[in-house]
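Shown next, in structure tokens, is the structure this report addresses.
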Amino acid sequence: MTPTRSSVDSARERILAAALAEFSRHGIAGARVDRIAKAARTSKERFYAYFGSKEELYRHVSAQELAAVAEATRLDPVDLPAYAGRIHDYFLDHPEHFRLLRWGQLELDANGDGADDAVRQSIAGKVEQLRRAQAVGQLDTAWEPIDILVVVNQIAMAWASQPDLLPPDHDEQAGFLAARRAAVVSAVGRLFPAHTA
């Protein structure tokens, strides 16, 4: 019996969801195809039919995540403080996605592979947006666009990488995180004030 298009799409989506959880918990090297297949309620054979390897699957999942981050955070070169706030919010709301991308940076770089094509394209597009804003006088030209992007992202993601510093009392966390978000937005605003027409 030939699988229907909807069953193929459903199995593929289940594999992608299971892979996101597996890669965020265990990284690329620690992830196991059999666990992904089991969580996706499919076979290893079907897994390999859709994705040739675990690494190929990781690249697919990370490309999807980069697109989701870009959509949710929308780089605005003339209001980098607000952009930093959106990045901060996204990764605190989705810590598993933060871990997923960090694993890729750690493991791909450790293997000498460097950033994959989706990462390179994402960075290149954002750098070009920043360069255009500089060209029309909306952003400080004393900084290289790549430096602006890296500095803003590192400030914005600082608290996503420090979950151990959150107050243990759940009731205190909302106020604590609101203050941290304000600090992130303020820090980026001091470096790159929002441009007003």
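The values are calculated or read from the model by the stated rules, or taken from the named source; none is laboratory data. This is a predicted model, so every value here is computed, not measured. Quick reminder, even Gly has a Cβ in these numbers, built from the backbone with ideal geometry, and neighbours come from all protein chains shown. The protein model used for the area step is the full one, side chains on, heavy atoms only, and it has no ligands, DNA or RNA in it. Shrake-Rupley method; radii C 1.70, N 1.55, O 1.52, S 1.80 Å.
Computed values, structure above
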read-out: Single match in 193, 163, 168 (criterion: within 25 Å of residue 101 (Cα to Cα) and surrounded by fewer than 17 Cβ atoms within 10 Å (Cβ to Cβ)); value: 163
read-out: Count of region 45-67 residues which are open to solvent by less than 20 Å² (accessible area, probe 1.4 Å) and assigned to a helix (DSSP H, G or I); value: 6
read-out: Residue count, region 83-100 (criterion: touching an Asp or Glu at 6+ places or on another chain (Cβ under 8 Å) and either open to solvent by 50 Å² or more (accessible area, probe 1.4 Å) or not hydrophobic (A, V, I, L, M, F, W, C) (or both)); value: 2
read-out: Out of 72, 124, sole residue that is within 15 Å of the chain's Cα centre (by Cα) and either at pLDDT 90 or above or closer than 24 Å to residue 31 by Cβ (or both); value: 72
read-out: Failed criterion for residue 70 (all others in (1) surrounded by 14 or more Cβ atoms within 10 Å (Cβ to Cβ); (2) hydrophobic (A, V, I, L, M, F, W, C); (3) touching a residue at least 40 places away in the same chain (Cβ under 8 Å) hold); value: (1)
read-out: Residue tally, condition part of a helix (DSSP H, G or I) and open to solvent by 70 Å² or more (accessible area, probe 1.4 Å), over region 27-38; value: 3
read-out: Failed item, numbered, when residue 176 is tested on (1) touching a residue at least 24 places away in the same chain (Cβ under 8 Å); (2) surrounded by 12 or more Cβ atoms within 10 Å (Cβ to Cβ); value: (1)
read-out: Out of 9, 34, sole residue that is modelled with pLDDT of 85 or more and more than 17 Å from residue 107 (Cα to Cα); value: 34
read-out: Options 35, 14, 46, 41; residue that is over 13 Å from the mean Cα position of the chain (by Cα) and on the phi > 0 side of the Ramachandran plot; value: 41
read-out: Residue under evaluation residue 137, criteria (1) open to solvent by less than 60 Å² (accessible area, probe 1.4 Å); (2) more than 16 Å from residue 79 (Cβ to Cβ); (3) of a type in the set (Gly, Ala, Ser); (4) not in a helix (DSSP H, G or I), criterion not met; value: (2)
read-out: Residue satisfying condition, being surrounded by 12 or more Cβ atoms within 10 Å (Cβ to Cβ), closer than 23 Å to residue 24 by Cα and of a type in the set (Phe, Trp, Tyr), within set 143, 103; value: 103
read-out: Among (1) among the charged types (D, E, K, R); (2) open to solvent by 70 Å² or more (accessible area, probe 1.4 Å); (3) under 21 Å from residue 90 (Cα atoms) - the single one residue 126 does not satisfy; value: (2)
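Here is a yes/no grid of residues against (1) of a type in the set (A, V, I, L, M, F, W, C); (2) in contact (Cβ under 8 Å) with a residue 24 or more places away in the chain; (3) within 21 Å of residue 64 (Cβ to Cβ):
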| site | (1), (2), (3) |
| --- | --- |
| 99 | no, yes, yes |
| 119 | yes, yes, yes |
| 137 | no, no, no |
| 164 | no, no, no |
| 168 | no, no, no |
| 181 | no, yes, no |
| 188 | yes, yes, no |
